[in-house]
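Participant: Pasting a structure below so you can have a look.
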Amino acid sequence: MSFTDAAHACLMSKYATFSGRARRSEYWWFSVLYAVGTLLLVGISVAIGQPLLNVLLVLLIVPMLAVSVRRLHDTGRSGWRMLIALIPVVGPVIYLVGMTVDSAPGANRYGPSPKAAG
């Protein structure tokens with residue numbers, strides 16, 4: 001999945017879709033978009049002296065949560081597993097490692113493999 005495909009999927013067609021599965025590329029490309037958007041808004045906020053980061057958080061928190069849940073589903077794990085990131089120090093590390101794991105082969109309880117479809 002390309003950057004533009006991931007952005008379109010997460011922002012348009014699957015904005016608040018918490019069911020199904022998402023490939024690693026979809027998750028990571030959307031994470032790049034989220035990080036670049038954050039950096040741009042922080043820069044603009046500093047330049048004009050107004051806090052604008054809340055705008056980005058309000059607009060992108062739902063699709064970021066949704067793609068994270070779908071990514072966990074792709075590895076065969078429940079979306080609730082993302083709460084592990086709340087554990088200080090080791091939680092975010094465990095969460096990021098979980099996001100880098102390869103897809104579960106074939107269909108699982110969350111749906112067919114997006115690798116097979118792509």
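Participant: For residue 56, only one of the following conditions fails: (1) in a helix (DSSP H, G or I); (2) of a type outside the set (Val, Ile, Thr); (3) at pLDDT 90 or above; (4) surrounded by 13 or more Cβ atoms within 10 Å (Cβ to Cβ). What is its number?
Facilitator: (3)
Participant: Output the number of residues of region 90-108 satisfying the condition of being touching a residue at least 24 places away in the same chain (Cβ under 8 Å), under 12 Å from residue 72 (Cβ atoms) and of a type outside the set (S, T, N, Q).
Facilitator: 4
Participant: Can you find a residue that is touching a Cys at 6+ places or on another chain (Cβ under 6 Å), free of Cβ contacts under 8 Å to residues at least 40 places away in the same chain, assigned to a helix (DSSP H, G or I) and surrounded by 18 or more Cβ atoms within 10 Å (Cβ to Cβ) anywhere in region 60-77?
Facilitator: The answer is no, given that none of the residues of region 60-77 is touching a Cys at 6+ places or on another chain (Cβ under 6 Å), free of Cβ contacts under 8 Å to residues at least 40 places away in the same chain, assigned to a helix (DSSP H, G or I) and surrounded by 18 or more Cβ atoms within 10 Å (Cβ to Cβ).
Participant: Another question, if that's okay. Scanning region 10-20 for residues that are touching a residue at least 40 places away in the same chain (Cβ under 8 Å) and assigned to a helix (DSSP H, G or I), which turns out farthest from residue 113 (Cα to Cα)?
Facilitator: 11
Participant: To continue, here is another question. Could you please find all residues in region 85-118 being in a loop (DSSP other than H, G, I, E, B), over 17 Å from the mean Cα position of the chain (by Cα) and exposed (fewer than 15 other Cβ atoms within 10 Å of the Cβ)?
Facilitator: 87, 88, 89, 105, 106, 107, 109, 112, 118
Participant: Please pick out the residue among 15, 27, 34 that is more than 23 Å from residue 97 (Cα to Cα) and in contact with a helix residue (DSSP H, G or I) (Cβ under 7 Å, 6 or more places away or on another chain).
Facilitator: 15
The values are calculated or read from the model by the stated rules, or taken from the named source; none is laboratory data. These figures come from a predicted structure and were not determined experimentally. Cβ coordinates were reconstructed from backbone atoms using ideal geometry, including for glycine residues, and neighbour counts include every protein chain displayed.
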